[in-house]
Amino acid sequence: MDFINKKPLTIILGFLVVLQISLFYFYTLSVNREYHALESDLSSQAIMLTSNIEERVSIVKGVNSFIQTVGFDADPNVINRYLAMAFNNSKHVMNIIIAPNGIIKYLYPLEGNEAILNKSLLLDSVLSSPGLIQETIRSRRITVDGPRTLAQGNKGMVIRQALYQGDTFNGIVSVTLRIDDIVNQFLLEDSEVFVAKDNGAFLFGNQQPNNNGKLITVPIKLYNQEWIMGLTLDPHKKWAVLREILTIDFAFLLIIAFILYILWNQSRFNQELERIVSIRTRDLRISERLYEKLANYDSLTEIPNRRFFMDEFDRLLQTAELTQTYTLFFLDLNKFKEINDTLGHSAGDQVIKTIAKRIVEGNLPFRIFARTGGDEFVMLFEDLPREQIPIIVDRIRTLISETIYMAGTQLNLSTSIGVSLYPEHSLDKEDLLKFADMSMYQAKLMDGPDYYLFNKELKEKLVQKTMIGKNLKSALENNEFVLYYQPQVNAITGEITGIEALIRWNHPEKGLIGPGHFIGAVEEAGLMIQLTDWVIREVCRQLCEWRADGMKLLRTSINISNSWFYNRNLIENLFSILEQYQLETDVLEFEITESTALLEEHYPLLQQMRDRGIIVSIDDFGTKYSSLNYLKHFPVNKIKIDRTFISGIGVSSIDETIIKSIALVASQLGYELIAEGVETQEQADFLIKHECHHIQGFFYYIPLPANEIRKLFR
């Protein structure tokens, strides 16, 4: 401060000089950062452009795969229907072309493209840029042609791929894209970005390069095309940055001058302030030591409390090596509340102190031992081998179970312990404590071991149960459940013969949830009857809506749980719904599990359904009871081969033999037969060969929402 008193003007001038140099250096860095930021943004837009075009290239690949599968000799109606479906499911596509031997024979849509139908891609030069057809045939790869003016008169980009059978050229498939749609997806209206060929020829964009500024470019490699994407940095931006720097410079000068003036005038008070601070610091140190003990240690047991444990645990995790492991124990005394209720809280406090002292003096290798509240304790071990956990648990149990004599009463306590592991279960201290707490409650529910090691199944079960318990009833009230429909196909004719209704939960926070994550909890909550009734009513409503749209009604299968059969007035309610929507009984098929079908108490209801025309099928057949002899007793019409056997085709001869046996017995007993979970051509061929013609699976169709089913049939 003496130096400031003697030479304030010198210090101010020196500081201002340093400030000027720093600000101009900052200006240079700002301009360079501007260049780098623009270059990075340009690279992102180039990736976006490439991704958008690649997304549309998938249409060409799909058409290629389709033609490779059905061949050019397939029924033209089949090919035209496929082209219409591919076109309607795609965006930004002008047309799709199939040209056997280079002659355009299949074209969708025809309207607006009549001029190129039956033209030869090999001979008509207006249909492609020079040499690109030959390159497509020669390279056998996807090629990009354009952007260019098309034979139809408008502008577009053509994606092509040649089809070969062995080494024989068979034809070309192509998709024409609207270039404006592609450009608009990554260029804003006021963007200065342009795309040009590598020789500088302008292709598309919102503005030609500005030669007065600095040109920034990034390369784009797209199949056979090599482009550049660029923009010109406006030279006026550089001066705008300089003006901003100078403005900041002037403001800083005023602020710094004012601050130094205040320091200069107030320096005479510093010695007095230092003396006062020294006194206050001494008093604070005394208070801090007292506060630290009160804040971080339990007043009853004098061991660390929850706050100290969490802070220390966090510090250990923050500094942990990659190979470091920690084991967290969460202890709870069983039936401790009975001690407080019968002997009083003072006796309970004495028990807590005794237990804490035993564990502290018990020679256990813990890193931290703390009381988190009530009769709950936590214990952290460092690098404890997993096989040592039962040994530590046994030592803790022995310490706690030692007899405590109090108020003429002999107490023998026990404990339940939950265990979680770092880093196996989580890297977060809050999660590890929560998981150990959850495991402790699981240990209380078990017979036998008094500890439970956390696992992912426990986490999933408890999270789902909590979520469903809170939201399930409101989900039914708020119509959060939706139905998807998976088509069932006759693999011989390709005809869709039916659909299966599959429920999904459109959760407002977690999005679409599959039934495997909530059906079990629905059963536990006793809401399966209510949910099944909703599914049946929704299926009937949807069928009625499709019928009004002119769609053919297909038999729709619904999965029925065992609990639904205990619904009073089941048959009356079912046929009341059918009558309400004026539907025949043959539009419904009920899928039940094998275990449900075996319950003879359900036979009268199943028989009534069969007699009234409702198809009853056994879902997941063969997974619960392997004896085919049961089939002759089931009052059902149809069986569905489970996907676990289907996945064994080509892998397990046992699974293949089971499928053959099921197919043979089903044919002998007159049951309809369908296989689910078919995902490959090999699986489909095997099933067709062994007389299972009805197939359901991703190989043909994935589950689709109702509006997509409508589009599919249109």
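For region 307-354, give me each residue that is in contact (Cβ under 8 Å) with a residue 60 or more places away in the chain, among the aliphatic types (A, V, I, L, M) and open to solvent by 50 Å² or more (accessible area, probe 1.4 Å). Residue satisfying the conditions is Leu343 alone. Of the candidates Ala475, Ala501, the single residue that is farther than 21 Å from Glu708 by Cα, open to solvent by less than 50 Å² (accessible area, probe 1.4 Å) and either hydrophobic (A, V, I, L, M, F, W, C) or in contact with a His (Cβ under 6 Å, 6 or more places away or on another chain) (or both) is Ala475. If you go through region 415-447 and pick out every residue that is assigned to a loop (DSSP other than H, G, I, E, B) and open to solvent by 70 Å² or more (accessible area, probe 1.4 Å), you end up with 3.
What number of residues in region 601-615 are free of Cβ contacts under 8 Å to residues at least 60 places away in the same chain, out of contact with any Pro (no Cβ under 7 Å at 6 or more places or on another chain) and either in a helix (DSSP H, G or I) or surrounded by 16 or more Cβ atoms within 10 Å (Cβ to Cβ) (or both)? Explain how you work it out, then say what you get.
The first filter runs over region 601-615 and keeps only residues free of Cβ contacts under 8 Å to residues at least 60 places away in the same chain, leaving 601-614.
Narrowing further to those that are out of contact with any Pro (no Cβ under 7 Å at 6 or more places or on another chain): 601-602, 604-605, 608-609, 611-614.
When the remaining residues are screened for being either in a helix (DSSP H, G or I) or surrounded by 16 or more Cβ atoms within 10 Å (Cβ to Cβ) (or both), the result is 601-602, 604-605, 608-609, 611, 614.
Going through region 601-615 one residue at a time, the tally reaches 8.
Could you check, for region 121-130, whether at least one of its residues is in a helix (DSSP H, G or I) and either out of contact with any helix residue (DSSP H, G or I) (no Cβ under 7 Å at 6 or more places or on another chain) or within 19 Å of Leu222 (Cβ to Cβ) (or both)? Checked region 121-130: at least one residue is in a helix (DSSP H, G or I) and either out of contact with any helix residue (DSSP H, G or I) (no Cβ under 7 Å at 6 or more places or on another chain) or within 19 Å of Leu222 (Cβ to Cβ) (or both).
Restricting the first member to region 391-416 and to residues that are without any contact (Cβ under 8 Å) to a residue 12 or more places away in the chain, and the second to residues that are of a type in the set (Ser, Thr, Tyr), the beta-carbon pairs closer than 8 Å and six or more apart or on different chains are Gln410/Thr403; Asn412/Ser401; Asn412/Thr403.
Within region 318-344, being touching a helix residue (DSSP H, G or I) at 6+ places or on another chain (Cβ under 6 Å) and either part of a strand (DSSP E or B) or within 17 Å of Phe366 (Cβ to Cβ) (or both) holds for Leu328, Phe330, Asp332. Within region 360-382, is there a residue that is surrounded by 14 or more Cβ atoms within 10 Å (Cβ to Cβ), assigned to a helix (DSSP H, G or I) and touching a residue at least 12 places away in the same chain (Cβ under 8 Å)? So far as region 360-382 goes, yes, one or more of its residues are surrounded by 14 or more Cβ atoms within 10 Å (Cβ to Cβ), assigned to a helix (DSSP H, G or I) and touching a residue at least 12 places away in the same chain (Cβ under 8 Å). Taking region 469-564 and the strands (runs of 3 or more DSSP E) fully enclosed by it, the elements with 3 or more residues that are aliphatic (A, V, I, L, M) and within 30 Å of Cys692 (Cα to Cα) are at 496-507.
So, of the residues in region 659-691 that are assigned to a loop (DSSP other than H, G, I, E, B) and not acidic (Asp, Glu), which turns out to be nearest to the chain's Cα centre (by Cα)?
To start, the set of residues in region 659-691 that are assigned to a loop (DSSP other than H, G, I, E, B) comprises 670-671, 676-680, 690-691.
Pick out the ones that are also not acidic (Asp, Glu) and you get 670-671, 677-678, 680, 690.
Numbers: Gly670: 43, Tyr671: 40, Gly677: 22, Val678: 24, Thr680: 25, His690: 38 Å.
Taking the candidates together, the pick is Gly677.
Within region 140-152, restricting attention to residues that are open to solvent by less than 80 Å² (accessible area, probe 1.4 Å) and β-branched (Val, Ile, Thr), which residue is farthest from Lys197 (Cα to Cα)? Once the filter is applied, the top-ranked residue is Ile142. Scanning region 526-560 for residues that are without any contact (Cβ under 8 Å) to a residue 40 or more places away in the chain, open to solvent by less than 20 Å² (accessible area, probe 1.4 Å) and not hydrophobic (A, V, I, L, M, F, W, C) yields a total of 1. Among the residues of region 366-382, is any out of contact with any helix residue (DSSP H, G or I) (no Cβ under 6 Å at 6 or more places or on another chain), under 21 Å from Asn455 (Cα atoms) and of a type outside the set (A, V, I, L, M, F, W, C)? Within region 366-382 (the criterion being out of contact with any helix residue (DSSP H, G or I) (no Cβ under 6 Å at 6 or more places or on another chain), under 21 Å from Asn455 (Cα atoms) and of a type outside the set (A, V, I, L, M, F, W, C)), the answer is yes, since at least one residue qualifies.
Could you please give the count of residues in region 639-656 that are open to solvent by 70 Å² or more (accessible area, probe 1.4 Å), in a helix (DSSP H, G or I) and hydrophobic (A, V, I, L, M, F, W, C)? Residues that pass the stated criteria total 1.
Cβ-Cβ contacts under 7 Å between residues 6 or more apart (or on different chains), taken from a first residue in region 65-76 that is among the polar types (S, T, N, Q) to a second residue that is outside any helix (DSSP H, G or I) and open to solvent by less than 60 Å² (accessible area, probe 1.4 Å), are listed as Gln68/Leu163. Just one residue in the set Ile133, Ile137 is in a helix (DSSP H, G or I), in contact with a helix residue (DSSP H, G or I) (Cβ under 9 Å, 6 or more places away or on another chain) and either among the hydrophobic types (A, V, I, L, M, F, W, C) or open to solvent by less than 30 Å² (accessible area, probe 1.4 Å) (or both); that residue is Ile133.
Pairing each residue of region 471-499 that is closer than 23 Å to Ser617 by Cα and in contact (Cβ under 8 Å) with a residue 24 or more places away in the chain with any residue that is in a strand (DSSP E or B) and among the aromatic types (Phe, Trp, Tyr), provided the two are 6+ apart or on different chains, yields C-beta distances under 6 Å for Ile499/Tyr485. Ile59 meets each of the listed conditions (1) buried (at least 19 other Cβ atoms within 10 Å of the Cβ); (2) farther than 30 Å from Gly205 by Cα apart from (2). For region 405-414, filtering for residues that are open to solvent by less than 50 Å² (accessible area, probe 1.4 Å) and either modelled with pLDDT of 90 or more or under 47 Å from the mean Cα position of the chain (by Cα) (or both) leaves 1.
Being surrounded by 15 or more Cβ atoms within 10 Å (Cβ to Cβ) and either without any contact (Cβ under 8 Å) to a residue 60 or more places away in the chain or under 18 Å from Ala501 (Cβ atoms) (or both) is a property that Ala663 has. In this structure, Arg160 does not satisfy being assigned to a loop (DSSP other than H, G, I, E, B), in contact (Cβ under 8 Å) with a residue 60 or more places away in the chain and not aliphatic (A, V, I, L, M).
Hey, any hits in region 584-600 for a residue that's in contact (Cβ under 8 Å) with a residue 24 or more places away in the chain, under 16 Å from Gln488 (Cβ atoms) and loosely packed, with under 13 Cβ neighbours inside 10 Å? Yes, region 584-600 contains at least one residue that is in contact (Cβ under 8 Å) with a residue 24 or more places away in the chain, under 16 Å from Gln488 (Cβ atoms) and loosely packed, with under 13 Cβ neighbours inside 10 Å.
The values are calculated or read from the model by the stated rules, or taken from the named source; none is laboratory data. Values in this document were obtained by computation on a predicted structure and should not be read as measured data. We place every Cβ from the backbone using ideal geometry, glycine too, and count neighbours over all the protein chains shown. Just so you know, the surface numbers come from the protein's heavy atoms only, side chains and all, with ligands and any DNA or RNA stripped out. Shrake-Rupley method; radii C 1.70, N 1.55, O 1.52, S 1.80 Å.
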